[in-house]
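The values are calculated or read from the model by the stated rules, or taken from the named source; none is laboratory data. Quick caveat, the model's predicted, so the values are computed rather than measured. Positions of Cβ are backbone-derived with ideal geometry, glycine not excepted, and every protein chain shown enters the neighbour counts.
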Amino acid sequence: MFMRFVHLKVTEDTFWEVRNFYEEKVIPTLQATEGCLFASLLQPTVEMEECVSMTIWASQEHAEAYEASGAYDRLLDEGDEAAAERTEWGAKLTGDRINAPPPIYDPEVEGFPVEIAGDTAALEAGDSRRLYLRIVAVRVDPVRFQELRQRYDRELVPALLKTPGCRAAFLVEGIKARTRALSVTVWDSEEDAVRYELSGRFDELVGKISEFFSGLYQWRLSLSSSGSDRVSGSELEVSGYNIVTGRRLENSDDQ
């Protein structure tokens with residue numbers, strides 16, 4: 001499996017238009033694309049000038065074939081044209097001739113092979129809207145990535161799926177080098193994820209795999225005044241997203 005993130009710039013005024021475009025244009029296109037298993041539009045809980053399209057693919061080759069087909073570029077062009085038309089229409093209503101379409105830009109795209117996928121059936125059942133997605137990014141020792149993978153599968157996935165509100169867990173790795181890994185979990189609500197962090201369970205699970213982290217974290221600890229020699233969740237990059245629209249795609253039945 002392969003996980004793909006496309007980072008889109010939005011404003012408070014255009015976010016719901018982007019959501020509608022995603023539901024009306026993006027999801028149907030992905031529905032007709034071989035190998036796309038899941039599509040969702042994410043809204044960060046902190047950075048409100050961005051939204052993220054997260055898709056899950058049967059393989060990296062399927063995701064690359066989608067980009068090479070021109071379908072991705074066509075969606076970008078349609079989105080730009082829709083934005084330009086809205087701006088022109090608004091300028092005519094207001095008489096503001098200075099108002100110009102927003103600049104065209106290429107969104108940042110990230111792709112990650114999925115090393116571990118725990119309970120993906122949770123994403124296939126029912127409506128995925130109102131769910132909460134949590135990403136923990138870590139730098140890892142590339143020599144020990146396989147050990148990290150094994151322990152995450154053996155110990156963290158079962159523990160996470162037993163945590164109230166946790167629906168699914170993924171471990172994904174960087175493409176170019178195994179120096180960056182993401183733990184991606186899906187929750188019934190943001191409140192469930194917050195309770196998990198506050199309970200101390202997050203720090204406990206981080207402790208189970210911290211020996212595989214890059215020496216950068218130990219260097220930071222040596223400079224801190226806390227006196228601790230153990231990496232905790234507070235040292236890691238944690239981000240949260242509300243899934244504003246998303247669903248399993250029917251073509252995944254054929255994979």
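Would you call R151 part of a helix (DSSP H, G or I), basic (K, R) and closer than 20 Å to V238 by Cβ?
Taking the combined requirement at face value, the residue satisfies it.
Across the stretch 174-196, which residue is modelled with the lowest pLDDT among those that are of a type in the set (D, E, K, R) and assigned to a loop (DSSP other than H, G, I, E, B)?
K176
Write out, first by first residue and then by second, each pair whose Cβ atoms fall under 7 Å of each other, whose residues are 6+ apart or on separate chains, and whose first residue, in the stretch 34-56, is on the phi > 0 side of the Ramachandran plot while the second is assigned to a strand (DSSP E or B).
Correct list of pairs: G35/W57.
So that you can scan it fast, the table gives a plain yes or no per residue for (1) under 16 Å from the mean Cα position of the chain (by Cα); (2) farther than 18 Å from V6 by Cα; (3) aromatic (F, W, Y); (4) at pLDDT 90 or above:
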site	(1), (2), (3), (4)
P44	yes, no, no, yes
W57	yes, no, yes, yes
A71	no, no, no, yes
L76	no, no, no, no
K92	no, yes, no, no
R97	no, yes, no, no
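Looking at the stretch 204-224, can you tell me whether even one residue there is modelled with pLDDT of 85 or more, buried (at least 19 other Cβ atoms within 10 Å of the Cβ) and part of a strand (DSSP E or B)?
No; the residues of the stretch 204-224 include none that is modelled with pLDDT of 85 or more, buried (at least 19 other Cβ atoms within 10 Å of the Cβ) and part of a strand (DSSP E or B).
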